[in-house]
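To keep things clear, I will list the structure first and then write my remarks on it.
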Amino acid sequence: MIRLLLRRLALGLGTVALVSAMIFAAVEALPGDACTAILQRDASGQRLENCRRELGLDRPAVARYVDWAAGALRGDLGTSAHNGKRIASLVGDRLANTLLLAGCTLAVGVPLALLLGVLTGLRRDGAADIALSTGTILAMTIPEFVSATMLIFVFSIWLDLVPGIVTVSASAPATAFFPGIVLPVIVLTMVMTAHILRTVRSSVIETLDSDYVQMARLKGVPYWRMVFRHVLPNALLPAINVVALTIAWLLGGVVVVEKVFNYPGLGHYMIDAISDRDLPVVQAIALILAAVYVGVNLAADMLTMVLNPRLRTLRARNG
Amino acid sequence: MADAPLIEVSGLRVGFASRSGRVVDVLRGVDLEVRRGETVGIVGESGSGKSTLLLAAMGYLKRGLRVIEGSARFAGTDLLSLPRRDLERIRGRRLALIPQNSGQSLTPNLRIEAQVAEVLRLHGTRPAGEHRARVRELLAQVRLPDPDAIARRYPHELSGGQQQRVAIAMALAGEPEALLLDEPTTGLDVTTQAHVLDLLSDLAARLGTTMVYVSHDLGAIARVCARVAVMYGGEIVLDGDARRVLVDPAHPYARGLLASIPRLSGGALPASLEGRPPEPGGAGPGCAFADRCAIAVDACRATRPALATLPDGTRARCMRPDAVAGIPLRGGTATTHLVDAGARAPALSLRGLAVSYARQGVVDQLLGRPPAGPRTVDAIDLALREGEAVALVGESGSGKSTILKAIAGLVPRADGSIALGDGVELEPDVSRRGPGELRAVQLVFQNPDESLNPRHDVATILAQPLGLYFGLSGEALRRRSVELLDQVRLGAHYLDRLPAQLSGGEKQRVAIARAFAAAPRIVLCDEVTSALDVSVQAAVLALLDGLRRDGGTTFVFVSHDLAVVRAIADRVAVLYQGRICEVGPVASVYAAPSHPYTEALMAAVLDPEPGARPRLLADDVQEGAPPARGCPFQRRCHRRLGDVCATDAPPAREAGDGHVIRCHIPVGELRALQVAGAPGHGRR
Amino acid sequence: MTRGASRWRGVARNLFSRPSGAIGATLVLAHVALAVASPWIVPYDFKAISAATILDAPSAAHWLGTDQLGRDVLTRTAMGGRQAIVVTAIATPLAVAWGGILGIWLGLAGGRLDDVLMRVVDAFLSLPWILKMLLIIVTFGAGIGVLVPTLAFFYGVPVIRIARAATHGVVARDYVLAARARGHGRGAIILREILPNVLDALMVEGAMRWSWMLLAFSSLSFLGFGVSPPTPDWGLMIADARSFMAIAPWAGLAPVVALSSLIVGINLAADALAKALGVDRAAAPVH
C-alpha cells in the first residue's frame, strides 16, 4: 500500500507542476506584462526595453518559468509590479486570513453536514428530511453574493447584530476578525453544508438498502449498533471525496465572499491584483490556490485508500 | 406441545402499492407448516414469491412491501407483528438466514472474525473469553481450510465458495433451531456447489436443525430436502414428500417443470412449457397456471382452486387431480445427434489457438516478443463440421467464453489460427475482417438484458445486421424482419417493442433472431440459457435446435450446465484452466472412460432424484492460473499419478469414435478404475 | 420518428408529475418568456433617469419603486435577465457539445492520450473559476463575443469528465460488444449505440451547467466586471443597491428574488429531469 500512496503523492506533485506551467503560460499569453503595468502609458520604445531588461523579461519564456518555479519552491514569489514589495510577505498575511475564514467554515460546516446528512438518510422522507431537502436546495443554488447581501441586510443593517463590512487591516491578529467573520462564515457554510449533506444522505440511503445491512438486520443486530458498525463506515467513505471537492469549491467561493464583505484575504487581493494588472501577484496567488486544491484532493484520496479495506488489500492479493 | 409446528405461515398475503394505487400481490395467501427437524425445500421460478416468503418467515419484508393479511409464526409467535427489540432477540439466535449472495451480504469493512463473533456477542451463546476459539471452531466446521487465516481476512479477499461457507458459519454461530436458506449455491461453480450442498445435508443430519431451503434448482433441493413445496404465481401449488413431488408430482405445473429440465442421463431435448410465469399481480381470478396448463378447463379459469390434501398426504392446488397423472413427465423430441459427421464438409477449424490478456511491456514491444504472462487459453485444437453443435464445457476460469470471443475476433490472439470451412483464415481483430467473414460468424450473449440496446426497438435491432450485410431497407427490410421473428416464434407486433417491455425469454429470442439475420454459417452461443428460468430455457433450446436442423448452421455452444449440453450438443470439449482435457461425442465423454476432471464434474452434478448424494472427487479450490508445466489439472486431480503430471504435458489418447482424452493414465486403465470405483457413473 | 417523440412526451409527463419538476420547469419557462417579451411589456424605459424619483418606495406609478438614479425597478428587474439568459443559453449547448464530444472520444480511446488529457483537465479544474474568467475579461473585455466562447470553453471542461464516465459505463456493455462483433464501424457504434445512452446524462448535466453559468455571470456583474451600465442586469442591480439597503431595500430585493428564482428553478427542474430519465447524479463535480 505504501507504493500506492507514494504513486498518488507523485501524481499530486505532478499536477501542481502542470498547473504552474499552465498559469505561467496563460499569463504569458495575455497582452502586456509587468512592465506595461508599471509604465502604463509610457510603456513603449526604449523605456519599455530597458524595463524589460532590468526585470529580466527579455529572456526566453522557459527560462523565466524555471526561475519562477524554482523561486516559488524556495518561498520566493517575486515582487509586486504594483508596489515593488516582496509578494511572499504581501501574501502571507492574507493567506492566513483566508485560512482562518476557510478553517472556521470547515469547523462548523463539516460536522453539521455529516450529522444532518446521516440523520436525514436514516429518517428518510420524514418531516425533518423534507424540510432540510428544500433548505439545502435553496442554500446550494442561491449565489453567494446574493445570500451575503441578504444576510448583511438582515443581520447588520436591520438588526444591527454584527458588522456588515470588515474594516480591520490585513495584518491584524486573528482575534481582531471576530465578530466580523460571522456573516462570511455563515454564507460559506450554507453552501458547503448543503452539498455535503446531500451526498452523505444519498450515500446513507444506498447503504441502508444494501444486502449486507439487510443481513445485519436479519442477524439480530440492534439498530444503533448496525448504524455505527455496518452503515456509517461504508456510507461515509464517499463523503471524504465530497468534502474535498467542496473545499476546492470553497477556494472559488471565498473570493466573492471576501470581496462582498471587504475581508482582507487572498481572494480579495487576487481581484484587486487582476484589476491593477499586477500579473506577478496574480501568478503567485493562482499557484497557491491551485496547490491547496491539489493538496486537499490528494489528502482525501490517500485517506480513502487507507480507510477502505478493499483498496488496502488489493495489492496484497495481486502482489 | 411437541407437535406444534416450529414455523407456521397462515394465509399470508403480502403486496405493494403500485403507482396507480392498486395493491399488487406478491404472496397470495400462503399456508405452510414446518415441524422440528424437517428439511423442507421451496421450489419456484422468478416471480413465484419464494424469497419473499422466506424473508417473511423471519418477520422481514423488503422496502415497499406490507402484510395485507395473515401471519408468519415462529414457535407460536407471529414475527410480522413483533416489535423490533423482540425480533432482534430471535433473529440470529433461534432462527438464522443463509443469504443468496454472500459476497454482497458480508459487511465489507469488518473482518470475518468480527462478523462471526458479532453473533456470539449479541446472542450470548458463549462467554466472552471463548469467542476467538469458537469462531475458529465454526470456520473449521464448515470445512474452511486454515480457519485462523480466514478469520483475519476481509470478505472481498475470499472466493465465492469461501464466502458462502462463512455465511453458513455465521448462521450456525447462534446455534439456531431453524435455518432458512435463500438459494445459497446460486452462482457457485459446479464442484463448489456440490461441496457446499454436501456440507449442508451433513449438518442437517448431524445437528437435526430444521431447514427451509429456497431454490429454483431442483437438483440442489433433491439433495438436501425430505419434503418439497412448489410455488407458482405467489402461492403454494404442491407440497409433499420429496420422493413423490420430484418423481411423480400431482400438479400440472410441477410436472411441466420436471419435464422441462434437461437430464444428464437422457439425450432428449426437454419438453418446453409454453408461455411464462405471471408477473406479481398478473394472475387472474382463476388458477394462476391455467393459461399454460395442458388440462385446464373453464372452471379452472373461473375460480381459484384451494390447496386440497390428497390421500397420500400431499397437498395440491388443482381442480382436476385425476387428470394430472396423464401429463407426460419426460419427452420432448429425441434429438438425432449427428452420426455422419465425418462425411460432412468442415465448417470451422481452430489450430493451436492461444489467447493471452497479458499486455506487452515496452521491452517486449521493442524486441518483437510475445507478451510474457500466462495464457488464458492455450493449445486449442478443434474441428467442426457443417451442422454440428459442439459444446465447450467448464467452470469459471475455464476460458470457454474467451475461446468464443477469440473466434469472434474480440480478444487479441497470442497464437494459432482460426479458419472457416473453405479455408478462409479469420483475422484476429474483428475490425480487419471482410464482410463475408463478418456475416459468417455471429455471437449470441448470455444476458439478454445486457445484449440488447435499451434504447432500440426490435425493428431497429434487426435492421442493423440486415442493413449492414444485405443493404436492406424500407419494405424489404420489414418483410425480412417479420420472417426472422416468425422463425423465433415471435409475432410481427414485436417490432415496435423496446427490450424493457419484453421478458427474458423473448429478449433472448430477439437476440437469436438478430444473429440469424446474417444467415451465418457459425453461431456462437455464450451461456445463452443460463440467465433464463428453467421452463423458459427448454423453449429456447428447442428453438436453437430447430434452427440448426433447418439451416444446417454450425453451433459452438458454451455452457457450465452439463445437462443442457447433453440435450443439445453432438460433441463436447471439456475445458480446465483454458486447456482442453477431453473431447468427443457427448455420450462417450459423459460415460467412462473420462478425463479425471470430467469424472469429477459428472460426479458433482446429478439429476434431481430424491436422496441422491453427489460424490466429491475434486477439492473445492479456486485456481487463479494454470500451472506453468504439465497437466493443468495436476493440483486437484484425485487420480494424480505422480511427478509426471507436473512435468510433462499429458498426451492425447484415443478412446475410439473421435473421443480423445488428454491424460497420462492410459485409456484402458481409466475405464477400469472408473467403472469399478464409481457405481452411479456409467449412466447412458 | 414517433418513437423518439413519444419517449420525450413520457419524460415530460414524468417531470411535471413531480412537484419539484413542475415548480422548477414553470419558473424556468416563466423567466425565459419574460426575458423574451419584457422589452414590449415594461412600463418605462430602462435607462430613463429622473432626479425627481430617486429611491422612491413602491407606489402606483412605480410598482417596485425606483433605484438610486430614479429608474423604475420593475422595468429593470423584468429586463435584468435578458443579457444573462441570452449569453448563457447560447454558451450552455456549446459547452455540453464540445465537452461531450471530447469526453465520449476519450472514454472510447483510453490509453496514453486519455491519461495525459485527464491530468490536464484535473490541473485546469484546480484553478478557481473566477480567476480564469477575470483574466480573460480584464484583457479582452466583457462583450457577448468574449463571454460566450469563454463560458462555453471553461464550463465545458467538467462535462468532459461526465461524458467520459458515462461512456465508460456504456462501452463495457454486451450490446456494444455485439455491435463490434457484427463489424460495425467505430463511428456507427458511437452514434447508434453509445450516444443515445450517454445523451441523458449530458442533458441533465447541461441543465446544471446553465445554472452555474448564470451564477458566474451574475457574480461577475456584481463585482463590476461583467455587464456595463446602463444595461440592466440583476447582479449589477444588487451591487448598486447594496449601499442603499437600509433606506431602499426593494431596489435590491427585486433582483435578488428574480435571480434566485431562476437558478432555483433550473436546479429543481434538473433534479426532477434526472429522476425522470433515470440518471444517477452521485458525484457531479461542483462548478
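Taking the stated definitions as given, is C:D200 part of a helix (DSSP H, G or I), of a type in the set (D, E, K, R), farther than 16 Å from A:M140 by Cα and more than 14 Å from chain B (Cβ to nearest Cβ)?
Taking the combined requirement at face value, the residue does not satisfy it.
Within region B:546-557, does at least one residue satisfy the condition of being free of Cβ contacts under 8 Å to residues at least 60 places away in the same chain and either crowded, with 24+ Cβ neighbours inside 10 Å or in contact with an Asp or Glu (Cβ under 7 Å, 6 or more places away or on another chain) (or both)?
No, region B:546-557 has no match at all.
Is it the case that region B:151-173 has a residue that's assigned to a helix (DSSP H, G or I), touching a strand residue (DSSP E or B) at 6+ places or on another chain (Cβ under 7 Å), among the small types (G, A, S) and within 12 Å of chain A (Cβ to nearest Cβ)?
yes
Of the numbered conditions (1) more than 21 Å from B:Y213 (Cβ to Cβ); (2) within 10 Å of chain A (Cβ to nearest Cβ), B:R93 fails exactly one; give the number of that condition.
Looking at each condition in turn, B:R93 falls short on (1).
Is there any pair with a first residue in region C:158-185 that is in contact (Cβ under 8 Å) with a residue 24 or more places away in the chain and within 12 Å of chain B (Cβ to nearest Cβ) and a second that is surrounded by 20 or more Cβ atoms within 10 Å (Cβ to Cβ) and part of a helix (DSSP H, G or I) whose Cβ atoms are under 8 Å apart and which are 6 or more apart or on different chains, and what are they?
C:V170/C:V176; C:V170/C:E193; C:V170/C:I194; C:V170/C:V198
Tally the residues that are more than 30 Å from C:P158 (Cα to Cα) and within 20 Å of the chain's Cα centre (by Cα), restricting the search to region A:224-262.
Going through region A:224-262 one residue at a time, the tally reaches 1.
If I go through region A:147-176 residue by residue, how many of them are hydroxyl-bearing (S, T, Y) and either within 17 Å of C:I247 (Cα to Cα) or free of Cβ contacts under 8 Å to residues at least 12 places away in the same chain (or both)?
Selection size over region A:147-176: 3.
Quick one: is A:R124 charged (D, E, K, R), surrounded by fewer than 20 Cβ atoms within 10 Å (Cβ to Cβ) and within 14 Å of chain B (Cβ to nearest Cβ)?
Spelling it out, A:R124 is indeed charged (D, E, K, R), surrounded by fewer than 20 Cβ atoms within 10 Å (Cβ to Cβ) and within 14 Å of chain B (Cβ to nearest Cβ).
State which residue is surrounded by the fewest Cβ atoms within 10 Å (Cβ to Cβ) when the search covers only region C:148-175 and only residues that are at pLDDT below 90 and among the hydrophobic types (A, V, I, L, M, F, W, C).
C:A172
Pick from region B:108-128 the residues that are closer than 13 Å to A:P309 by Cβ and of a type outside the set (S, T, N, Q): which of them is farthest from the other protein chains (Cβ to nearest Cβ)?
Among those that are closer than 13 Å to A:P309 by Cβ and of a type outside the set (S, T, N, Q), it is B:I112.
Residue by residue through region A:68-84, note down the ones that are within 18 Å of A:C35 (Cα to Cα) and either of a type in the set (S, T, N, Q) or modelled with pLDDT of 80 or more (or both).
Across region A:68-84, the qualifying residues are A:W68, A:T79, A:S80, A:N83.
Residue under question is B:S71, and the condition is that it be in contact (Cβ under 8 Å) with a residue 40 or more places away in the chain, surrounded by 15 or more Cβ atoms within 10 Å (Cβ to Cβ), among the small types (G, A, S) and closer than 24 Å to B:L203 by Cβ; does it hold?
no
So, in region B:572-611, of the ones that are among the acidic types (D, E) and within 21 Å of the chain's Cα centre (by Cα), which residue ends up farthest from B:V660 (Cα to Cα)?
Per the stated criteria, the residue is B:E609.
Quick check on this structure: which one of A:V231, A:V242 is crowded, with 20+ Cβ neighbours inside 10 Å, closer than 29 Å to A:V296 by Cβ and at the interface with chain B (Cβ under 10 Å from one of its Cβ atoms)?
Every option except A:V231 fails the conditions.
Inspect all residues belonging to region C:235-245 and state whether any of them is facing another protein chain (nearest Cβ under 10 Å), among the hydroxyl-bearing types (S, T, Y) and at negative phi.
no
Restricting to region B:363-385, name every residue that is modelled with pLDDT under 90 and of a type in the set (D, E).
If the condition is that a residue be modelled with pLDDT under 90 and of a type in the set (D, E), then B:D364, B:D378 are the ones that fit.
Which numbered condition in (1) surrounded by fewer than 16 Cβ atoms within 10 Å (Cβ to Cβ); (2) among the acidic types (D, E); (3) in contact with a Pro (Cβ under 7 Å, 6 or more places away or on another chain) is the only one that C:D72 fails?
(1)
Of all residues in region A:290-305, which are free of Cβ contacts under 8 Å to residues at least 60 places away in the same chain and out of contact with any Ser or Thr (no Cβ under 8 Å at 6 or more places or on another chain)?
A:V292, A:V296, A:A299
Yes/no matrix, rows are residues, columns are (1) among the acidic types (D, E); (2) buried (at least 21 other Cβ atoms within 10 Å of the Cβ); (3) in contact (Cβ under 8 Å) with a residue 40 or more places away in the chain:
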| position | (1), (2), (3) |
| --- | --- |
| B:R143 | no, no, yes |
| B:D148 | yes, no, no |
| B:A169 | no, yes, yes |
| B:L199 | no, no, yes |
| B:R206 | no, no, no |
| B:Y232 | no, yes, yes |
| B:E235 | yes, yes, yes |
| B:R244 | no, no, yes |
| B:D248 | yes, no, yes |
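Filter region C:212-238 down to the residues that are of a type in the set (F, W, Y), closer than 17 Å to C:V146 by Cβ and at pLDDT 90 or above and list them by number.
Scanning region C:212-238 gives a single hit, C:F217.
Hey, could you check region A:7-66 for residues that are modelled with pLDDT of 85 or more and of a type in the set (S, T, N, Q) and say which is nearest to A:L303 (Cα to Cα)?
Among those that are modelled with pLDDT of 85 or more and of a type in the set (S, T, N, Q), it is A:T15.
Can you name every residue in region B:297-324 that is assigned to a loop (DSSP other than H, G, I, E, B), within 16 Å of B:Y253 (Cβ to Cβ) and in contact (Cβ under 8 Å) with a residue 24 or more places away in the chain?
Answer for region B:297-324, where residues must be assigned to a loop (DSSP other than H, G, I, E, B), within 16 Å of B:Y253 (Cβ to Cβ) and in contact (Cβ under 8 Å) with a residue 24 or more places away in the chain: B:L307, B:L310, B:T314, B:R317, B:C318, B:M319, B:R320.
Among what's in region A:247-257 and is within 7 Å of chain C (Cβ to nearest Cβ) and modelled with pLDDT under 85, pick the residue that is surrounded by the most Cβ atoms within 10 Å (Cβ to Cβ).
Of everything passing the filter in region A:247-257, A:L251 is surrounded by the most Cβ atoms within 10 Å (Cβ to Cβ).
Out of C:L131, C:L113, which single residue is within 12 Å of another protein chain (Cβ to nearest Cβ) and modelled with pLDDT of 85 or more?
So the residue among C:L131, C:L113 that is within 12 Å of another protein chain (Cβ to nearest Cβ) and modelled with pLDDT of 85 or more is C:L131.
Quick grid of which residues meet (1) surrounded by 12 or more Cβ atoms within 10 Å (Cβ to Cβ); (2) more than 14 Å from C:L273 (Cβ to Cβ); (3) acidic (D, E):
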site: C:G10; (1), (2), (3): no, no, no
site: C:L15; (1), (2), (3): yes, no, no
site: C:R18; (1), (2), (3): yes, no, no
site: C:I54; (1), (2), (3): yes, yes, no
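Which one of the conditions (1) within 14 Å of another protein chain (Cβ to nearest Cβ); (2) closer than 30 Å to A:A284 by Cα; (3) buried (at least 17 other Cβ atoms within 10 Å of the Cβ) does A:I165 fail to meet, given that it meets all the rest?
(3)
Just give me the residues in region B:427-447 being touching a residue at least 24 places away in the same chain (Cβ under 8 Å) and facing another protein chain (nearest Cβ under 9 Å), in sequence order.
Listed by number, the residues that qualify are B:R433, B:P435, B:L438, B:R439, B:V441, B:Q442, B:L443, B:V444, B:F445, B:Q446, B:N447.
The values are calculated or read from the model by the stated rules, or taken from the named source; none is laboratory data. The structure displayed is predicted, hence computed values, not measured ones. In this analysis, Cβ positions are derived from the backbone assuming ideal geometry, glycine residues included, and neighbour counts consider all displayed protein chains.
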